[in-house]
Amino acid sequence: KVIAFESMATWLQQTKEIMEKCTTDNDTCMMDAVSGPIEPKNINMLIQYVWDHWDDPIDSIQHKVRTMFELSIATLEIKTTFYQQQDQYHQCVHALLKNLLAMDWHRKVKYALLNMLVEKVHTDVFLQAEPRLMEKCLFAMDSLILCPQITFFILAFLYRRVQDTIPGYEKFK
């Protein structure tokens, strides 16, 4: 199991690096060859795999599935930017967000992945998808195990909300 995650994470990392080089070199032939499997339906399957194994008791698997999630989103973004298909990327990320928001509010994976998505999606999209987002997060804090993950997400969301709503406001820590 660990080897499978390691192999998938390594493949995604190498694919990302090659795709970045293709972008720099404007190498369409190589990009076509390398990015073929990077499609929204395949990314969705990878992400479902991530969700299913996020809570694995083995730390190295948790680390690899997190890496797989980040790399899946990054490779799709590189590909859609290269081919000027940003709408496809946004549709995929918005669908992912809706699926995450539909997930049980007491799952640890939900907040970790939402925390990663807050950097990729404007907060208006979050609030359109779930107007009671903050309320639901706060209610889920009845679980002491989830409090740290929920707190990190809420803080990341609020920081991003300030950036999204105050023009010219610089990122702060």
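The values are calculated or read from the model by the stated rules, or taken from the named source; none is laboratory data. Only a predicted model underlies this, so the values are computations on that prediction, with no experimental measurement involved. Every residue, glycine among them, receives a Cβ derived from its backbone with ideal geometry; neighbour counts consider all protein chains shown. The accessibility values were calculated without ligands, DNA or RNA, using every heavy atom of the protein model including side chains. Shrake-Rupley method; radii C 1.70, N 1.55, O 1.52, S 1.80 Å.
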Looking only at the stretch 50-65, decide whether some residue is among the small types (G, A, S) and either open to solvent by less than 30 Å² (accessible area, probe 1.4 Å) or modelled with pLDDT of 90 or more (or both). no
Considering only helices (runs of 4 or more DSSP H) wholly within the stretch 1-70, the ones with at least 1 residues that are in contact (Cβ under 8 Å) with a residue 24 or more places away in the chain and within 20 Å of K120 (Cα to Cα) are 2-25, 40-53
- Message: Checking the structure you have, find out if any residue of the stretch 1-10 is within 23 Å of the chain's Cα centre (by Cα), open to solvent by 70 Å² or more (accessible area, probe 1.4 Å) and of a type in the set (F, W, Y).
- Response: no
Only one of V93, V121, V109 is under 16 Å from the mean Cα position of the chain (by Cα), within 26 Å of T165 (Cβ to Cβ) and part of a helix (DSSP H, G or I), namely V93
Among the residues of the stretch 74-109, the number that are open to solvent by 50 Å² or more (accessible area, probe 1.4 Å) and within 30 Å of E135 (Cβ to Cβ) is 10
